[in-house]
Amino acid sequence: MSGWAWLRIGAISGFLSVALGAFGAHSLRDRFKVEESDSFEARTSKHRMIENFETAARYQMYHALAIGAVALLAIHGRTGGAVSVAGWAFLVGTLLFSGSLYILVLSGQRWLGAITPLGGLSFLVGWLALAVAASGPSRP
């Protein structure tokens, strides 16, 4: 994929991260508002849901910026396998990690929590691939 395509993907992911973060900060606070009558478990669950959504948005933004780094490497001539692996790993990681957390919070489907670590693993692969891509010889 071209560097410019990666830049567009990173920009769109960053935009969505801000939009979803704003949604979480405003709309979800009402949905998961703690009531005086709530049990300790209910209060804890509501706080955890908001924290999960915030974590999803934060990690999506981190990796939107990482995709931007992939784009810059590709635009400046680093188009090897490590650059491609990094970009795809960050994108897949965002879909699996952040996507599963967003859907878990919005739908209540707890089984999606089992998918989240796969996204985290994909992020780790992406960071290692980015390190490899950035450590190669520079081109004029």
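The values are calculated or read from the model by the stated rules, or taken from the named source; none is laboratory data. If you're wondering where the values come from, they're calculated on a predicted model, not measured in any experiment. Heads up, the Cβs are rebuilt from the backbone with ideal geometry, glycines too, and the neighbour counts pull from every protein chain shown.
For residue 13, indicate whether it is crowded, with 17+ Cβ neighbours inside 10 Å and in contact (Cβ under 8 Å) with a residue 60 or more places away in the chain. It would help to see each step written out before you state the result.
On the way: crowded, with 17+ Cβ neighbours inside 10 Å: yes; in contact (Cβ under 8 Å) with a residue 60 or more places away in the chain: yes.
Here the answer is yes, as residue 13 does meet what is asked.
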Scanning segment 71-123 residue by residue, those of a type in the set (Phe, Trp, Tyr) and under 17 Å from the mean Cα position of the chain (by Cα) turn out to be 88, 90, 97, 102, 123
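Could you please let me know if residue 27 is touching a residue at least 60 places away in the same chain (Cβ under 8 Å) and of a type in the set (Ser, Thr, Tyr)? Let's see the steps before the verdict.
Numbers: touching a residue at least 60 places away in the same chain (Cβ under 8 Å): no; of a type in the set (Ser, Thr, Tyr): yes.
Criteria not met by residue 27.
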Next on the checklist: Taking the conditions exactly as written (among the β-branched types (Val, Ile, Thr) and without any contact (Cβ under 8 Å) to a residue 60 or more places away in the chain), does residue 105 satisfy them or not?
Outcome noted: no
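Would you please name the residue that is nearest to the chain's Cα centre (by Cα), looking only at residues in segment 19-42 that are among the hydrophobic types (A, V, I, L, M, F, W, C) and not in a helix (DSSP H, G or I)?
As a first pass, look at segment 19-42 and keep what is among the hydrophobic types (A, V, I, L, M, F, W, C): 19-20, 22-23, 25, 28, 32, 34, 40, 42.
Subsequent filtering for residues that are not in a helix (DSSP H, G or I) retains 32, 34.
Values: 32: 22, 34: 27 Å.
The selected residue is 32.
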Listed by first then second residue, the pairs whose first member lies in segment 109-135 and is without any contact (Cβ under 8 Å) to a residue 12 or more places away in the chain, whose partner is surrounded by fewer than 16 Cβ atoms within 10 Å (Cβ to Cβ), with beta carbons under 9 Å and at least 6 positions apart or on separate chains, are 109/103
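Only one of 12, 50 is within 17 Å of residue 113 (Cα to Cα) and in a helix (DSSP H, G or I); which? Walk me through it before giving the result.
On the way: 12 fails: within 17 Å of residue 113 (Cα to Cα).
On inspection, the qualifying residue turns out to be 50.
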Expected single match for assigned to a helix (DSSP H, G or I), at pLDDT below 95, among the hydroxyl-bearing types (Ser, Thr, Tyr) and surrounded by fewer than 23 Cβ atoms within 10 Å (Cβ to Cβ) among 84, 45 is 45
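Residue-wise test of (1) touching a Gly at 6+ places or on another chain (Cβ under 6 Å); (2) of a type in the set (Gly, Ala, Ser).
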residue	(1), (2)
56	no, yes
64	yes, yes
67	yes, no
86	yes, yes
99	no, yes
123	yes, no
136	no, yes
